[in-house]
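Notes follow the structure.
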Amino acid sequence: MIVRKRTSAMTPAERTLFKTVITKLINEPGDPNRYGKFVGYHAEDHMMHPFMGPVGTQRFLPWHRVYLLKLERMGRRIDSHFFIPYWKWTTDRAVPPWMVSFKPTVKVIGPDITVTRNPTAPPSLPTTAQVNALMGIGNFTNLVNQLDPLHGAVHVWCHGTMSNVPTAPADPLFWMHHAMIDKIWADWQVLHPGVGPTLAGADKIMDPWTTTAAQVASISAAGYSYGP
């Protein structure tokens, strides 16, 4: 069972390992290599955001859960201790200090992406009260519709690479942010068991993979949990 720790709870060795593994993935042969292609999936039309319509709303959380899992497993093939931490921006209201200078260049289809960030004042980040309010929502669609603005606010707060949908995953901070979004969903699932996305036919498949939304409905079944 993988335990995804909070960024501020990681040991120095775990922080170094995270950056080392991501760097190795970025530097693998190929232009783009498998990591660059992986980043590029976020620029493709996989109906994985609410702005893509009703289906995108239903797919947003499971699609990104699969996205993180695939990246995490890619990293664990390099080092079995690798995990994606979550950035708890409700309390850790700045870019994690150990990540500030980690701005790699990623080879993707088209021009390479060199990560940039220019974060704004912390008050524009979502608050604990806003996240707590989500837990009382009993409908999955309503959850996504109220969670997505908080998700988007963090992307915009970072400015630079993270604020643009096609380039966002090139910033390693993206994985930490979406781990936090996934943790919020996981916490919500504990309070609302059996409530999830409504998907049918091909929409249930989290393309470009063959994993279905049902296969990632449970994080424990998917092989991971979140630390405090």
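The values are calculated or read from the model by the stated rules, or taken from the named source; none is laboratory data. Because the structure is predicted, anything quoted here is derived from the model rather than measured. Glycine also receives a Cβ, built like all others from the backbone with ideal geometry; neighbour counts cover every protein chain displayed.
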Checklist line | Residue count, the stretch 38-54 (criterion: charged (D, E, K, R) and touching a residue at least 60 places away in the same chain (Cβ under 8 Å)) | finding: 1
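At least 3 residues that are at pLDDT 95 or above and more than 20 Å from ARG4 (Cβ to Cβ) in each: list the helices (runs of 4 or more DSSP H) lying fully within the stretch 94-204 that qualify. Can you show your working first?
Working: elements: 128-134, 140-158, 173-191.
So the answer is 128-134, 140-158.
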Checklist line | Residue within the stretch 208-216 that is buried (at least 21 other Cβ atoms within 10 Å of the Cβ), touching a helix residue (DSSP H, G or I) at 6+ places or on another chain (Cβ under 8 Å) and either modelled with pLDDT under 95 or not hydrophobic (A, V, I, L, M, F, W, C) (or both) present | finding: no
Notebook entry, point to check: Is one or more of the residues making up the stretch 172-187 surrounded by fewer than 21 Cβ atoms within 10 Å (Cβ to Cβ), of a type in the set (D, E, K, R) and without any contact (Cβ under 8 Å) to a residue 40 or more places away in the chain?
Noted result: no
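Criterion first (in a helix (DSSP H, G or I), under 16 Å from the mean Cα position of the chain (by Cα), more than 29 Å from PRO228 (Cβ to Cβ) and not small (Gly, Ala, Ser)) does TYR35 satisfy it?
Numbers: in a helix (DSSP H, G or I): yes; under 16 Å from the mean Cα position of the chain (by Cα): yes; more than 29 Å from PRO228 (Cβ to Cβ): yes; not small (Gly, Ala, Ser): yes.
Yes.
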Margin query: For the stretch 75-93, give me the residue count where each residue is surrounded by fewer than 16 Cβ atoms within 10 Å (Cβ to Cβ) and either at positive phi or not in a loop (DSSP other than H, G, I, E, B) (or both).
Written below: 1
Check: MET1 versus (1) touching a Phe, Trp or Tyr at 6+ places or on another chain (Cβ under 9 Å); (2) loosely packed, with under 14 Cβ neighbours inside 10 Å; (3) modelled with pLDDT of 95 or more: which is the lone unmet condition?
Finding: (3)
Margin query: Checking THR57 against (1) closer than 20 Å to HIS151 by Cα; (2) touching a residue at least 60 places away in the same chain (Cβ under 8 Å); (3) in a loop (DSSP other than H, G, I, E, B): exactly one of these is not met. Which one?
Written below: (3)
Next item on the list: Identify, by number, the condition in (1) under 18 Å from the mean Cα position of the chain (by Cα); (2) within 25 Å of GLN146 (Cα to Cα) that ILE26 doesn't meet.
Entry: (2)
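Of all residues in the stretch 20-36, count the ones that are touching a residue at least 60 places away in the same chain (Cβ under 8 Å), under 19 Å from MET176 (Cα atoms) and surrounded by fewer than 16 Cβ atoms within 10 Å (Cβ to Cβ). Outline the logic, then answer.
Here is the first cut: in the stretch 20-36, the ones touching a residue at least 60 places away in the same chain (Cβ under 8 Å) are 21-23, 26, 30-33, 35-36.
This time we only want the ones that are under 19 Å from MET176 (Cα atoms), so: 21-23, 26, 35-36.
Next, from what is left, pick out any that are surrounded by fewer than 16 Cβ atoms within 10 Å (Cβ to Cβ): 23.
Number of matching residues: 1.
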Next item on the list: Would you check which residues across the stretch 188-211 are more than 20 Å from LEU143 (Cβ to Cβ) and polar (S, T, N, Q) and list them?
Entry: THR210, THR211
